[in-house]
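The values are calculated or read from the model by the stated rules, or taken from the named source; none is laboratory data. Model, not experiment: these values are computed from the prediction. Here the Cβ positions follow ideal geometry from the backbone for every residue, glycine too, while neighbour counts run over all protein chains shown.
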Amino acid sequence: MSYITRKSETEIARLLDYFPAVAIVGPRQVGKTSLAKHLAENSARATVYFDLEDPDDLAKFANPRLLLEPLENKTVILDEVQRLPNLFPILRSAIDRNRKPARFILLGSASPDLIRDASETLAGRIAYFELTPFLWQEVANLTDWRQHCFRGGFHGSLLAPDEELARLWRTNFITTYLERDLPALGLKAEPTLTRRLWQMTAHLSGSVLNMETIASGLGIGNSSVRRYLDFFESSYLIRRLQPYLPNLRKRLIRSPKLYLRDTGILHQLLGVPSFESMMGNPIVGASWETYVIEQIAGNLPSWAELFYYRTQDGTEADLVIARGGVAEVLVEIKFTTTPKLTKSLHIAKADLGTTRNFIICPVAAGYPLDTDVRVLGVGEWGEVFGDRG
């Protein structure tokens, strides 16, 4: 495939200029390997690549110290590094003997073991970068937002030559994840159970998480559901958006909201065959909300924290952007071309004290709706962060 410029390239290159090790994490098929090889090809530093899912490459690490010592002046890319968790102490020793930037690029499919082991062993030596499926601004010149929203951001689905091949890619992605990838990453559960759980999370995308409902539907205990959802989240398959809890004398919803991370996978799990059929499906509002939140999260500055806000009397905001725990921006997400100011929005911005408030809709260009409320259109979601860095 031809290489598509990622907005993440500059940031990862900046990390490689400073840190001895950089871990690029994210789900399977998201483009970690292509990005790492592209960065290597455009670097003045010599590079060597090992795929630890390749039996031949894996066998070379029978004596990792002996293998890595002659490579200290090269950047070593280790793909699917979670396959060798015992390697991290050796990487630490190699870095401490010769501490300079870009010694190692570690690629991992979001294993919880990878995060824990690397964080503990390589503390102070490693930076992490989460690579998402393609964001809208990365592919806006290749497709329209409708296709991006419906097919999702994975390259194999998004840029397939027709809907049937896109559907087939998503079907194979889901099956492979359930039957091979999730078990290989450490999830000990029957694929039939994890498929049902994944489908349930698709139906609940955009809803407040109710553990009892999921547990009852699957016939398992709350603790098992919690463990499986923790694993799904660590594998970047779902997002749990935490509630914003200001010090108000109001009864607040305190459970997180649940979202799938990719709308193409969402629509596949729900059996929605096309964008046109989605338009008449009750899921359309939740689908648009899921899509917009992932676009905003994918552009998140380092200072920003994402929450949602809801009181038990029904006042809500789909997204609250905070700095240092203080709400700065309120966002409503509506699948309509004619948004209106609501009582709920007025109360929410009064509760939170936000002066920058937005309604994001599928329109071509934004416009002011009130003195302190602006409509944002497709691709304008970066404006929610303003000019502050």
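Looking at the stretch 225-242 only, could you name the residues that are surrounded by 16 or more Cβ atoms within 10 Å (Cβ to Cβ) and either out of contact with any strand residue (DSSP E or B) (no Cβ under 8 Å at 6 or more places or on another chain) or outside any strand (DSSP E or B) (or both)?
225, 228, 229, 231, 232, 233, 234, 235, 236, 237
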Worksheet item: Can you name the number of the only condition in (1) at pLDDT 90 or above; (2) surrounded by 13 or more Cβ atoms within 10 Å (Cβ to Cβ); (3) not hydrophobic (A, V, I, L, M, F, W, C) that residue 83 fails?
Response: (1)
Fill in: Pick from the stretch 185-194, criterion within 23 Å of residue 108 (Cβ to Cβ) and surrounded by fewer than 15 Cβ atoms within 10 Å (Cβ to Cβ), ranking: modelled with the lowest pLDDT
186
Worksheet, complete the sentence: Pairs returned, first residue in the stretch 197-222 that is closer than 23 Å to residue 262 by Cα, second residue that is surrounded by 15 or more Cβ atoms within 10 Å (Cβ to Cβ) and among the aromatic types (Phe, Trp, Tyr), beta-carbon separation under 8 angstrom, 6 or more apart or interchain, are 197/228; 197/232; 198/232; 201/232; 205/259; 206/259
Item to complete: Would you check if there is a residue in the stretch 149-166 being more than 25 Å from residue 276 (Cβ to Cβ) and at pLDDT 95 or above?
Response: no
Worksheet entry | Subset of the stretch 342-389 [under 19 Å from residue 288 (Cβ atoms) and in a loop (DSSP other than H, G, I, E, B)] | 342, 361, 362, 363, 364, 365, 366, 377, 378, 379, 380
Worksheet item: Would you call residue 78 assigned by TED's automatic domain parsing to the domain that holds residue 107, at pLDDT 95 or above and buried (at least 16 other Cβ atoms within 10 Å of the Cβ)?
Response: yes
Worksheet item: Looking at (1) of a type in the set (Val, Ile, Thr); (2) touching a Phe, Trp or Tyr at 6+ places or on another chain (Cβ under 8 Å); (3) more than 23 Å from residue 96 (Cα to Cα), which is the one condition that is false for residue 33?
Response: (2)
Worksheet item: Could you list, in sequence order, the residues of the stretch 161-182 that are of a type outside the set (D, E, K, R) and crowded, with 18+ Cβ neighbours inside 10 Å?
Response: 166, 169, 173, 177, 178, 182
Worksheet item: In the stretch 11-31, how many are touching a strand residue (DSSP E or B) at 6+ places or on another chain (Cβ under 8 Å) and surrounded by 16 or more Cβ atoms within 10 Å (Cβ to Cβ)?
Response: 11
Item to complete: Kindly check whether there is at least one residue in the stretch 32-55 that is surrounded by fewer than 16 Cβ atoms within 10 Å (Cβ to Cβ) and within 24 Å of residue 140 (Cβ to Cβ).
Response: yes
Discussion item. Within the stretch 243-257, take every residue that is charged (D, E, K, R) and in a loop (DSSP other than H, G, I, E, B) and give me the one that is modelled with the highest pLDDT.
Written reply: 254
Worksheet entry | Test set (1) among the charged types (D, E, K, R); (2) within 21 Å of the chain's Cα centre (by Cα); (3) closer than 16 Å to residue 107 by Cβ - residue 51 fails condition number | (2)
Worksheet item: Is it the case that some residue within the stretch 302-316 is closer than 23 Å to residue 145 by Cα, surrounded by fewer than 17 Cβ atoms within 10 Å (Cβ to Cβ) and among the small types (Gly, Ala, Ser)?
Response: no
Worksheet item: Can you tell me how many residues in the stretch 124-143 are aliphatic (A, V, I, L, M), more than 11 Å from the chain's Cα centre (by Cα) and within 24 Å of residue 238 (Cβ to Cβ)?
Response: 1
Fill in: The one condition in (1) closer than 18 Å to residue 238 by Cα; (2) among the basic types (Lys, Arg); (3) touching a residue at least 24 places away in the same chain (Cβ under 8 Å) that residue 167 fails to fulfil
(1)
Worksheet item: Tally time: how many residues in the stretch 15-48 are under 21 Å from the mean Cα position of the chain (by Cα), closer than 20 Å to residue 119 by Cα and not in a loop (DSSP other than H, G, I, E, B)?
Response: 6
Worksheet, complete the sentence: From the option list 298, 285, 264, single residue qualifying as surrounded by 15 or more Cβ atoms within 10 Å (Cβ to Cβ), in contact (Cβ under 8 Å) with a residue 60 or more places away in the chain and either over 18 Å from residue 178 (Cβ atoms) or not assigned by TED's automatic domain parsing to the domain that holds residue 175 (or both) is 298
Discussion item. Among the residues of the stretch 258-272, are any outside any helix (DSSP H, G or I), touching a Gly at 6+ places or on another chain (Cβ under 7 Å) and either within 30 Å of residue 351 (Cα to Cα) or at pLDDT below 90 (or both)?
Written reply: yes
